[in-house]
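I have placed the structure first, in the form of C-alpha cells, so that the comments after it can refer back to it.
The numbers here are math on the coordinates, done by the rules we state, and not lab data. It should be emphasised that the depicted structure is a prediction, and the values quoted were computed from it without experimental measurement. Glycine also receives a Cβ, built like all others from the backbone with ideal geometry; neighbour counts cover every protein chain displayed.
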Ligand SMILES: [Zn+2]
C-alpha cells in the first residue's frame, strides 16, 4: 500500500507490511521512553526477517517509534514523560497550544496521535496494540494490561507474568488511552534497559503475538517453539496474574535512592528497608513482591509492591462480568453513574471503603480519587469492543493456559 507508506513515511515508522490477504491490524510501539531502545531494535529485526524470508502476512503490521528525539538523546524524555500525557484533558490542552509553545513531547504526542488516526481510519481491524518497554532494575519479562477481558485473554497466551490494573496508579500511559477507545492493548516489559536478553525477549514476543493474532502462520516461522521456550525460561515459568497494591510516589526534586540489588518480582518481608527517600528510610508495609524499583534518575515512581491474584478471584471476576453484574452497581447507596456510556461510576468514599476495592476490581472497575469524599471508577468492559474480538480463537479458548503446541 504505497499511498499509506508515503503518508506515514518518516522517522516515526519503523516498518509497515500490508499482506495480500485479509487479517488483523497489529501495531507495535518501541521507544515511547527514549532510554529503552530494545523494543525499537526488536521490531526492526522482525521486519527485516519478514522481508528477507518472504514470510506471507495477513492483514497489516506496523512498527512505530515512540519518542524519536529522546531515543536519539538516549534519555527517558526531554521535557515531559511521553507515557504520562495520554488523557483527553492533556491532549486537548496540547492541541490548543500555540505552535511555538509546544514542548518536545507535545510534538511527539501530536505526531503519534496523527499516525494512530490514519491507521484506525484506513485499516479494518481487529486491532492489536503492543507497546515495548524495559526497566531500570533487573526483572523477569512481564506484561502490563488494563483490566479488560480482551486484554486478559490475549495476554494469557504468553508464558510470562501479567500485572493488572497499573492504570489505577499511573495517569496517561499511551496504552490506557488506546484501551479506553476499546481496543486490545498490551504492554510488554522485556527486561533491563541495556540487556541483550531484553531485545531477544521482545523479538520472541513479537513473533508470538503475530502468530496468536493470526497475521502470520505458525508454520511460516522458523523456531516458533524456541521463541516460546525462551520467554518461558526467561520468566522462570512464572505466568501468574499479579495486582499492584502500593505505589511509592516521588515529587520533583525529591532525593530518592533505592537500596541496591532489588529485582522485580522478588519477595520482600514486612519491615524490610527498601529505599531512602529525602533522608528517611522507606520500609515494606507488608510481605509482598517488589516491582519496578527505580534505579535511574528520571521517573516518578520509586517502586511498586504487588501480590499474586488468586485463581478463584480471576475466575469469579470473569463470570461476574459475563452476567453483567456491574450494571447493578448504581443500585447501591453512594454509587451513581458519572457517565453511563463510558462506564464511569461516581462512588462515595465511604461506600468504596465499606465495599472494599476488591469487589470493584472483580467487576472490572479501577478507581481514581477526585476529591476527599468521592472516587471516579471506570470500567474497562463498558468501552471494550468485545465484538471485534469475540470470533477469534483465543477469545473463545476455554482452557486457562493454551499455547497450542
Ligand atoms: Zn518505559
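Quick notes on this structure:
- C-alpha center-to-center spacing [segment 12-89, segment 248-265] in angstrom: 29 Å
- Relative exposure of 88, 131, judged by other C-beta atoms within 10 Å (fewest first): 88, 131
- In percent, rounded to a whole number, the relative contact order of segment 245-308 is 40, using alpha-carbon pairs under 8 Å and six or more apart.
- Most mobile listed residue (185, 202, 69) in the chain, GNM with C-alpha springs under 10 Å: 69
- Relative contact order for the chain, counting Cα pairs under 8 Å that sit 6 or more residues apart, in percent: 15 percent
- Approximate spin-label separation residue 117-residue 385, in nm, with each point projected 7 Å along Cα-to-Cβ: 1.7 nm
- For the chain, the calculated P(r), taken from all Cα-Cα distances in 10 Å bins from zero up to the bin holding the longest distance, is 4, 22, 33, 27, 12, 2, 0 percent.
- GNM top mover of 26, 258, 292 - the chain, alpha-carbon springs below 10 Å: 258
- For segment 245-308, the Rg and Dmax computed from alpha carbons only, in angstrom: 10.8, 33
- In plain terms, the C-alpha convex hull of segment 2-234 casts an average shadow of 12.2 nm² when viewed from every direction.
- Whole-percent pair-distance distribution, where bins are 10 Å wide, for the alpha carbons of segment 2-104: 14, 36, 33, 15, 3
- Ordered by the number of other Cβ atoms lying within 10 Å of each residue's own Cβ, fewest first, 25, 344, 134, 122 fall into the sequence 122, 344, 25, 134.
- Within the chain, DSSP assigns beta bridges of which about 60% are antiparallel (rounded to the nearest 5).
- Gaussian network model of the chain, Cα within-10 Å springs - most flexible of 381, 168, 123: 123
- Helix content alone sets the calculated 222 nm mean residue ellipticity of the chain: runs of n ≥ 4 DSSP H residues at -39500 (n - 2.57) each, divided across all residues, give -9500 deg cm²/dmol.
- Relative contact order (%) - criterion: Cα under 8 Å, at least six apart; region: segment 1-154: 31 percent
- Ranked by how many other Cβ atoms sit within 10 Å of their own Cβ, fewest first, the residues 183, 177, 295 fall in the order 295, 177, 183.
- Descending Cα extents along the principal axes, segment 56-148, whole Å: 44, 40, 29
- Bins of 5 Å from zero: percent of alpha-carbon pairs in segment 136-294: 2, 8, 16, 18, 19, 16, 10, 6, 3, 2, 0, 0
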